[in-house]
Structure formats: structure tokens, C-alpha cells
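Asks: My questions will all concern the structure given below.
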Amino acid sequence: MKPLLEAISRLRILVVGDAILDHYIFGDANRISPEAPVPVVDVERDSWTAGGSANVAINLTALGAKAELIGLIGRDSAGQQTQSILKERGVDFDTRFISDNAPTILKTRVVVRNQQLCRIDREGSPSRYRLELEKHRDAIAAKVRAANAVIVSDYAKGLLTEELVAFIKAEAHAAGIFIACDPKPKRKLDFSGFDLITPNRSESLLMAQLDLHSHDAFPAEAICRGIHQRFSPKLLIVTLGPDGMLISREGRMIKQLPTFAREVYDVSGAGDTAVATLTAALATGASDEEAAHFANTASGVVVGKFGTATATPAEILAYHQGH
């Protein structure tokens, strides 16, 4: 695994998608409000991290790769906080993608004794997050062609449109660059033409147009066939949470790897880690199974942490040796 990590450190990967700022309020609650039957939270500390596509990019730099993010953030305090986090974590961000018309997407989670009490979302309508492709066409093309791989990270917030995704795929294919997608199938975008797609369990059912309630168990083979018939990805890897990962090519189920997680503490951002590590490994020329094994190990590290998190080479190597 060490040679793989060394090869990843020589990569440059472009991430395109919905950038989010994650805000955590940690505290304790020992009394009920006299104003309403709700707990009163005494705040102990605040924590800020980048989520969505920004977390994918941070996962890549944590591995040692170079990463650049194309995502839209607002010209506001949350946007400044996001830029600061990206800079601190070594992610390149072009300030041409700062918007005067849309607020930075902000998710605030109130956490009491390691349990999430509630989440407060601040965001505009999806139409406000669309990139003007004509305005940024040349810049986006140059960034795609400068990368060893591209990840399209969809959080269904509006940045990714049919036109933008088609343009990025065309540029990547023309330059022979590996391109992956972590999809949100409820958006009904065209997910065909990718070298890798990484839906989770529920997303894979939607993509295959299957109803889980009509099956006694997870219909792995039917999902592999259904997604291949509709989207023909070169490689399909379904992330199954506590059940590991499913590997499929040409509509055939190749293997299901069991999870390497010793303890699942928080699955927030686990999909970001999966697509980042899979893409990085495959971009070095690793085999499907080697890449999935690597991603499974990194995911085992991440779900043992609270909140959106990353796995460093040292953590991955230590975790790998433990198995």
C-alpha cells in the first residue's frame, strides 16, 4: 500500500461540484427551556470544516495528492471561512467561482453528548448555484486538461447541469483523462460516459430503477445489470456502508468486499472519502480490487471519526497493518 500512496502523491485531481461549509456546535443540555418544551444547549465550542465537493478535495490533499476545486461559494463570511479552510488544507480554488448572487451553502449541526440534536441549513435555490458555462468555458477546459483525473461530486444543490457535465466529460475524454462521478440520481442527470461511478446503496437502487421493498435481500446482481444497461460505466463501485463495497464491470458483479471498519462512529462524508480514494488509486493504474481495498481501508478510518473527516497516509497504513 505504501507504493500506491507514493504514486498518489504525484497526482493532480480536479473536483467539480457543490461546495458546502459544515458548522458544528458542540455543547451540553441539562434543562428544558421555560419558553417551549425544547432542550437548552449550553455551547462549549464551534467547529468548521468543508463539506460536499470541498470535502472530496480535502480528502485528496490528505492523501498527499494535489487537488483543485471548481465549486461556487458566496461573497460572505461563510465563503471566507470556506476559502480559509481550503487554503489551510492545500486545495487550490479559483476566486472566479465566488458568486455575488448566491450565499455559501451552510449546514449547522447542533451536537449534544456526541448525538446530533438538529441541523440548520442555509442555502439559496438551485438555480442560483449554476455556473455560467459560456463565461467559464476556457478556464474549466484548461483545469480539466491539467489534471490526471476529474471527479464530479453531485450534492444536488444546482451547480452541476446537463450542459456542464457533458462539457467536462467531453474535455476529459478528448484528453484521455480518467473521470469519476459520485451521483445523486434524483437529479436525473446523464450519468453515462464515466470511467467510474460510486453510488451508495439507496442511490444504486434508484439508478437501476429497482424497489428494495420488492426484494428479500439487496439485489446486487440486478443492480449491476440495471445500472450497466442504463449508464454503461466502465467501473461501478457501490458503497454499502457496514456491508463494504460491491465491484462491477460490464454489468457483472465481480466481488463484494466486506467493510474494514472496526467501529462505525459517524458516516458523514464517507462517500466523499470513497470517491476520492477510488479515483486516486485508479488514476495511478491500480487494479479495481486494489483500488477498492484501498478505499475500504480509508473509509474504515474515516467512519471511526466524528463529522466529515479524512484519512492520512499514516492512518491508512496503520489501519491496514491492523488487518
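Asks: I'd like to verify a number: residues in the range 88-130 that are under 18 Å from residue 156 (Cβ atoms), touching a helix residue (DSSP H, G or I) at 6+ places or on another chain (Cβ under 6 Å) and either surrounded by fewer than 18 Cβ atoms within 10 Å (Cβ to Cβ) or of a type in the set (A, V, I, L, M) (or both), how many?
Replies: Final tally of qualifying residues: 2.
Asks: Could you list, ordered by first residue, the pairs with Cβ atoms under 7 Å in which the first is in the range 247-266 and open to solvent by less than 80 Å² (accessible area, probe 1.4 Å) and the second is modelled with pLDDT under 75 and part of a loop (DSSP other than H, G, I, E, B), at least 6 apart or interchain?
Replies: 260/323; 266/306; 266/307
Asks: What number of residues in the range 11-56 are in contact (Cβ under 8 Å) with a residue 60 or more places away in the chain, farther than 15 Å from residue 81 by Cα and either hydrophobic (A, V, I, L, M, F, W, C) or in a loop (DSSP other than H, G, I, E, B) (or both)?
Replies: Selection size over the range 11-56: 11.
Asks: Okay, moving on. Return the pairs, sorted by first residue and then second, in which the second residue is surrounded by 12 or more Cβ atoms within 10 Å (Cβ to Cβ) and of a type in the set (A, V, I, L, M, F, W, C), the first residue lies in the range 113-129 and is on the phi > 0 side of the Ramachandran plot and assigned to a loop (DSSP other than H, G, I, E, B), the beta carbons are less than 7 Å apart, and the residues are 6+ apart or on different chains.
Replies: 114/306
Asks: Go through 195, 138 for me and flag whichever is open to solvent by 60 Å² or more (accessible area, probe 1.4 Å) and among the acidic types (Asp, Glu).
Replies: 138
Asks: Same structure again: Select from the range 291-321 the residues that are farther than 21 Å from residue 51 by Cα and either without any contact (Cβ under 8 Å) to a residue 60 or more places away in the chain or in contact with an Asp or Glu (Cβ under 6 Å, 6 or more places away or on another chain) (or both) and list them in ascending order.
Replies: Passing the criteria: 291, 292, 293, 314, 318, 319, 321.
Asks: All but one of (1) at pLDDT 90 or above; (2) over 11 Å from the mean Cα position of the chain (by Cα) hold for residue 301; state the number of the condition that does not hold.
Replies: (1)
Asks: While we're looking at this one, here's another question. Could you list, in sequence order, all residues of the range 224-245 that are at pLDDT below 95 and among the aliphatic types (A, V, I, L, M)?
Replies: 240, 245
Asks: Let me ask another. Restricting attention to the range 246-280, and to residues there that are modelled with pLDDT of 95 or more and polar (S, T, N, Q), which single residue is nearest to residue 62 (Cα to Cα)?
Replies: Across the range 246-280, the extreme among qualifying residues is 277.
Asks: Then there is this: Go through the range 9-54 and give me each residue that's loosely packed, with under 11 Cβ neighbours inside 10 Å and of a type in the set (A, V, I, L, M, F, W, C).
Replies: 36, 43
Asks: Which condition breaks for residue 81 when tested against (1) assigned to a loop (DSSP other than H, G, I, E, B); (2) more than 26 Å from residue 318 (Cβ to Cβ)?
Replies: So residue 81 meets the others, but not (1).
Asks: Any idea which of 156, 142, 180, 172 is out of contact with any strand residue (DSSP E or B) (no Cβ under 8 Å at 6 or more places or on another chain) and not in a loop (DSSP other than H, G, I, E, B)?
Replies: So the residue among 156, 142, 180, 172 that is out of contact with any strand residue (DSSP E or B) (no Cβ under 8 Å at 6 or more places or on another chain) and not in a loop (DSSP other than H, G, I, E, B) is 142.
The values are calculated or read from the model by the stated rules, or taken from the named source; none is laboratory data. Keep in mind the model is a prediction, meaning the values are calculated, not measured. Ideal geometry is used to build each Cβ from the backbone, glycine not excepted, and the neighbour counts take in all protein chains shown. The area values use the complete protein model at the heavy-atom level, side chains included, leaving out ligands, DNA and RNA. Shrake-Rupley method; radii C 1.70, N 1.55, O 1.52, S 1.80 Å.
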